[in-house]
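Q: Handing you a structure now.
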Amino acid sequence: MDETKILRSRPLELLAPAGSFEAFKAAVENGADAVYLGGKTFSARASAANFDLEELKKAIRYAHERQAKVFVAVNILIADQEFQELFDYLYTLYEIGVDALIVQDIGVAGLIHSILPEMEIHASTQMTVNTSWGVQHLDALGFSRVVLARETTADEIKLIAERTPLEIEVFVHGALCICYSGQCLMSSFIGGRSGNRGTCAQPCRMTYQLMNDQKENLLANKNTGEHLLSPRDLSLVEELAELKRIGVHSLKVEGRMKRPEYVATVIRLYRQAINRIKDLPEAGTESSSLLSPDEHHELLQVFNRDFTKGYFRENPGAELMSYSRPNNRGTRLGRVTRLENRRLFLKLEAALHPGDGIELWTGRGREGVTVGTIWRDKNEVEEGLTGETVQIEFSGIAHPGDRVFKTNDALLMEKARESFQEGREQRKNPLTMSLSGSLGEKLCLEVKEGERRVAVYSASVAQKALKRPLTREYAFQQLGRLGTTPFWLEKLELGIDEGIMLPVSDLNEMRRSAVEELLKTKPRQKLDRHMYRQRIEHWHQRQTIERKDLVTDKNVTPRISVAVSNMDTLRAALKAGAKRVLIGGEHWRSRRGFSSEEIRTIFESCRKQGIDCVWRLPRILNQAQSDILLESLKKTAEWTKKPKLMVSNLGELELIRSIDVEWPFEVDYSLNIFNEASLAHFLRLGAQVVTLSPELHHEQLAHLAKWPRTELMVFGDLEMMVSEYCPVGSTLGGKKGEHCARPCVQAPHYLRDRMRYDFPVETDQECRMHLFNVKILNLYEELAQIRRMGISTLRLQLTRQTPEQVSRIVRLFSKAWDTINAGKKAAWTSEEGMDDLTALFPGGFTKGHFYRGVL
C-alpha cells in the first residue's frame, strides 16, 4: 500500500476547541480525539478564559487518561522582548506533556525546531498556507501538520495531500474570518487590537454600506442587509466522507470563545457523523446523509449565523454571507398571532419549553425574551408542540405575523451539560483482565488496555474455599467496580483452580493497583533544563554571528523604494528621481496593470539606467495560479539576467527556489516579520531585503534595525484585508463560482462604517477584494528618527495613487531623505513637505503603529 493510501486509511481525528476546563471536559466526553486550547499567554484567543499551568496539567492528565491529545496554541506574532518568557513557557509545555504546539510566527517555529526539536509543531491557519508550495516550506521547517487556509478548495486539498507527508488539518465547523487568516490588519489599524496578537475586535461583524465615488449607497433599495463583511458559519458535516477521501487527517471545529454546551453538542454530532462514514455506500453518494434531520436541527439550534460550506466546492458569493445579522440566528419557532393583556400568542412550528430563549423579529428590530410559563388555552402546560397555538408572558411590542426564532433550547442545553457533569463521565476505555493462579499461590491479575499491559499480584495466597469459591461472575463483579476511573471492564478471562477463594479486599486492592499503574503517564523523553539552556544559548550565538556577518558584508546606501502598479505611475516615479522601484503586485480591475512584455522591458531599461527594479508577486495565489506563475517564471529564468522578485507568501518562495535556489529575492511585509527570529529566517535563506511588519512600534523597529537589509513602509495605502469574497460582485454582480457581471470595473467603491468613514475597496484580476485604510500612512515627520534607528530603506506604497501624486510624493521624500542622510538635518524641516502632502490628501493621515504599537 503506498503512502497516500495509508494516510487516507487512517481514522479521522476530531479536533475540538476549549476556552475553559469545562469546555475541555465537554469536548473529551463527547468524543474529541484531540483538543486545542490556549494558555494565559501567546494565544490567538486572548479574551477566552484560557488555562493556567495547573489547569493545563489537569487537562493533559484528563485527556491522556482517555486516549485524547492536547494541542496548545502559541499562534500569535511574538515580540523580541517576550522571548525570554517564551523560552520558559515552551519548556514547561514540553515538561507537562503537551502533545503539539500550534504556531503562527515563522521565527518561533524555527526557534522551537532549534531548541526543542522533541516537540511536535503544527502550522496555524494564521500562516496563510493554501498551496503545495507553501506546505513544502513548512515541511523543511520541521512542521508535522498544516492547518490549511479556510479558502482552500476540495480539489486543492486533495492535490496538497498527495504531494506532502505532512498531516492535513482543515476547519469543518464554526465561525469564518472574511479575510485570509494572518493577513487581516483591520482591527489592528482601526483600534490597535491585532488579530495577529490574539486581540481581534471583529470589525467584520459591524455594519457597512457599499458606496460609490458620489457617496451614494448602492444597496439602499436592495434590502440586502448591512453586515457586508460578516460571513455565515462553516458546516462541512455532510462532507466528512469526502474530506477523508481526499486525504484530510484532522477535522477542526472552531470555537474557543464558545460555551461548553456548544462544544459538547457540536462534538457529539460530528463524532456520530464520523462513526457513520463506514456505513455509507462505497462511493459516498450525495444522497446519503450522516446526520438525521433532528440532528441537523440540533447543530443549527446550538448556534448558527446560517450555515455555508465556504469555499469547499466553489466561491459561493453572497451565499457565504450573513448580511442581515452577525450573531446567532437560532431556529424558526413560529409566528405571532396576537398580543393581548401581556400574553403573546404564538403559532408554533417547533416545540417550545420553559427556559427556552426566543427572539421576535418585529418591524422595530429584534427583541429577546426567556420563556416562563406556557399556556394552551387557559391551561398551564409543560411544553408547546408543533402546530399548536400557545401563550407566554410578554411585556414588549409585537404584531400579528412577526416571525419568532428560538435562540436557546433549554432541553438541548441540559442534555449537553449532563454529558460533562462532574462524576458522570462516560468516556471510558475498555479493559481486558485475566486472573490466573493456583491453590497456595498468589493470584496474578493481568490488565490490558490497547497496547498497554500491567500485571499485579494478590497480597494473600489462594486458599481452598469452604463456602463460596471464586467464580467468574463474582470476580467480574468485584474487578468491574471501576467507578469514576476512565475505564470499564469489557472482558474477564479466568484461569484459576476450581474451588479456591481469595479475600474480597485482595481483589479490590489488585484492581486498584492495576488501575493506578495504567493511569501513570507514559514518561516523555526527559529534557534536562541545563541542556535546554545550552540550546538557547547556542541559538542566541548563532543569531549574533549571522547578524555580525551580514553587518560586515552590508553595503547598503540609504534609499527609497517606490511601489507602483502601472506604466503611468512608474514613469512618474522615475521622472521624479526614483532609484529603486517595485513593480507588479496585484493587478487592479479598476486600472491597467503591467503586461509580461512590459515587465521585461522595464527591467532591461532600469538595468541600463542603474535603477534597482524588483518584481512584486501577488499577496495571495491559489494552487492553479501558482502553477501559472511557475510556468511564467520558467520563461523569465531564460532572460539575460533574472529579475529580482519580492515574495509575499511562503509558497512563492518555494516556487522560485524550485527553479533556481540562487534566484535573487526580497520579502514583503505580508509575511509578518515581527521579530529577529523571523527576520533571520529569511535573511538566512538569502533574502536581499526584508520589509518589516507594519504592526511594529518605533522601539521594536529600532531593535530590528540592528540587522541590515530591512525596509520600512513610511507612506501609502495600508491594506487591511485581502479576501476571496468580493462585496461588490456578490451584492451587485450576482457572483457565484466563476460567474460575475464584474461591476467592480465601473467605478471606485468604498465600505462606509458606522462612523461614516469610507474605506476604499479594490478588486484584483482574480476577483479578490482588497480593503484599504481610510487614512494614508504618513511618517514624513519621523524620517530623521527613522534614520537614527539605522533603517536605510524606506518604502512609498503608491499602488493606488495618480501619476501626479506619485511624482510629488517621490520628490518630497527623496529630498528629505537625501538631506537627512547627508548630515544636513538642520537644513530640513517637515512643515513645508507636510503642507504639500496635506494638500494632496485632504482626508488626513495616520502614523499607523509607529507610536502606539498593538495589543
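The values are calculated or read from the model by the stated rules, or taken from the named source; none is laboratory data. The model shown is predicted, which means the values in this text are computed figures rather than measured ones. Methodologically, a virtual Cβ is constructed for each residue, glycine included, from the backbone with ideal geometry; neighbour enumeration extends over all protein chains shown. The accessibility values were calculated without ligands, DNA or RNA, using every heavy atom of the protein model including side chains. Shrake-Rupley method; radii C 1.70, N 1.55, O 1.52, S 1.80 Å.
Q: Restricting attention to the stretch 737-758, which residues are of a type in the set (Asp, Glu) and either open to solvent by 70 Å² or more (accessible area, probe 1.4 Å) or within 23 Å of residue 320 (Cβ to Cβ) (or both)?
A: 738, 753
Q: Would a scan of the stretch 612-623 turn up a residue that is touching a residue at least 60 places away in the same chain (Cβ under 8 Å) and in a helix (DSSP H, G or I)?
A: Yes, the conditions are met somewhere in the stretch 612-623.
Q: Name the residues in the stretch 604-619 that are in contact with a helix residue (DSSP H, G or I) (Cβ under 9 Å, 6 or more places away or on another chain) and either open to solvent by less than 10 Å² (accessible area, probe 1.4 Å) or closer than 27 Å to residue 183 by Cβ (or both), would you?
A: Within the stretch 604-619, 606, 612, 613, 615, 617, 618, 619 qualify.
Q: Further question: Quick one: residue 412 ticks every box in (1) in a strand (DSSP E or B); (2) over 27 Å from residue 225 (Cβ atoms); (3) touching a helix residue (DSSP H, G or I) at 6+ places or on another chain (Cβ under 8 Å) bar one, so which box is it?
A: Evaluating residue 412 over (1) in a strand (DSSP E or B); (2) over 27 Å from residue 225 (Cβ atoms); (3) touching a helix residue (DSSP H, G or I) at 6+ places or on another chain (Cβ under 8 Å) leaves (1) as the failure.
Q: Something else now. Suppose the filter is crowded, with 17+ Cβ neighbours inside 10 Å and over 20 Å from residue 717 (Cα atoms); does residue 789 pass it?
A: yes
Q: Of the residues that make up the stretch 759-775, is at least one open to solvent by 30 Å² or more (accessible area, probe 1.4 Å), under 28 Å from the mean Cα position of the chain (by Cα), under 23 Å from residue 696 (Cα atoms) and of a type in the set (D, E, K, R)?
A: Yes - at least one qualifying residue is present in the stretch 759-775.
Q: Considering the stretch 370-386 alone, what residues qualify as being part of a loop (DSSP other than H, G, I, E, B) and either among the hydroxyl-bearing types (Ser, Thr, Tyr) or open to solvent by less than 40 Å² (accessible area, probe 1.4 Å) (or both)?
A: 371, 373, 386
Q: Sticking with this one: Here's a check for you: in the stretch 669-687, which residue that is small (Gly, Ala, Ser) and in a loop (DSSP other than H, G, I, E, B) is least open to solvent (accessible area, probe 1.4 Å)?
A: Filtering the stretch 669-687 for residues that are small (Gly, Ala, Ser) and in a loop (DSSP other than H, G, I, E, B), the one least open to solvent (accessible area, probe 1.4 Å) comes out as 687.
Q: For the stretch 104-127, which residues satisfy the criterion of being of a type in the set (S, T, N, Q) and either farther than 21 Å from residue 684 by Cα or at pLDDT below 95 (or both)?
A: Scanning the stretch 104-127 gives 124, 125, 126.
Q: Can I ask one more? Among the numbered conditions (1) among the hydrophobic types (A, V, I, L, M, F, W, C); (2) out of contact with any Lys or Arg (no Cβ under 6 Å at 6 or more places or on another chain); (3) open to solvent by less than 20 Å² (accessible area, probe 1.4 Å), tell me where residue 211 comes up short.
A: (2)
Q: Does the stretch 31-49 include one or more residues that are assigned to a helix (DSSP H, G or I) and at pLDDT below 95?
A: no
Q: Residue pairs, Cβ under 7 Å, 6 or more apart or interchain, first in the stretch 124-142 and over 22 Å from residue 197 (Cβ atoms) and among the aromatic types (Phe, Trp, Tyr), second modelled with pLDDT of 95 or more and part of a helix (DSSP H, G or I). List them.
A: 133/626; 133/651; 133/654; 133/655
Q: Can you tell me which of 44, 49 is open to solvent by less than 40 Å² (accessible area, probe 1.4 Å) and in contact (Cβ under 8 Å) with a residue 24 or more places away in the chain?
A: When all the criteria are applied, what remains is 44.
Q: If you don't mind, there's one more thing I want to ask. Could you please give the count of residues in the stretch 438-454 that are exposed (fewer than 15 other Cβ atoms within 10 Å of the Cβ) and within 58 Å of the chain's Cα centre (by Cα)?
A: Summing the residues that are exposed (fewer than 15 other Cβ atoms within 10 Å of the Cβ) and within 58 Å of the chain's Cα centre (by Cα) in the stretch 438-454 gives 4.
Q: Out of all the residues in the stretch 618-644, which are of a type in the set (Val, Ile, Thr) and under 25 Å from the mean Cα position of the chain (by Cα)?
A: Correct list: 620 only.
Q: If only one of 269, 300, 290 is without any contact (Cβ under 8 Å) to a residue 60 or more places away in the chain, under 24 Å from residue 150 (Cα atoms) and in contact with a Ser or Thr (Cβ under 9 Å, 6 or more places away or on another chain), which one is it?
A: Selected residue: 300, the only one of 269, 300, 290 that is without any contact (Cβ under 8 Å) to a residue 60 or more places away in the chain, under 24 Å from residue 150 (Cα atoms) and in contact with a Ser or Thr (Cβ under 9 Å, 6 or more places away or on another chain).
Q: Going by the conditions given, is residue 345 surrounded by 17 or more Cβ atoms within 10 Å (Cβ to Cβ), modelled with pLDDT of 95 or more and within 31 Å of the chain's Cα centre (by Cα)?
A: Judged against the criteria, residue 345 is not a match.
Q: Before we move on, is residue 666 open to solvent by less than 10 Å² (accessible area, probe 1.4 Å) and either farther than 25 Å from residue 187 by Cβ or in a loop (DSSP other than H, G, I, E, B) (or both)?
A: So residue 666 passes the test.
Q: List pairs: first in the stretch 793-816 and acidic (Asp, Glu), second part of a helix (DSSP H, G or I), Cβ under 9 Å, 6+ apart or cross-chain?
A: Every condition considered, the pairs that remain are 804/572; 804/840.
Q: Restricting to the stretch 401-437, and then to whatever is among the β-branched types (Val, Ile, Thr) and surrounded by 16 or more Cβ atoms within 10 Å (Cβ to Cβ), can you tell me which residue is nearest to the chain's Cα centre (by Cα)?
A: 407
Q: Residues that are more than 30 Å from residue 476 (Cβ to Cβ), at least 3 per element: which helices (runs of 4 or more DSSP H) completely within the stretch 488-584 meet that?
A: In the stretch 488-584, the matching helices (runs of 4 or more DSSP H) lie at 529-553, 567-575.
Q: Hey, another quick one. If only one of 714, 647, 661, 690 is among the β-branched types (Val, Ile, Thr), open to solvent by less than 10 Å² (accessible area, probe 1.4 Å) and more than 28 Å from the chain's Cα centre (by Cα), which one is it?
A: 714
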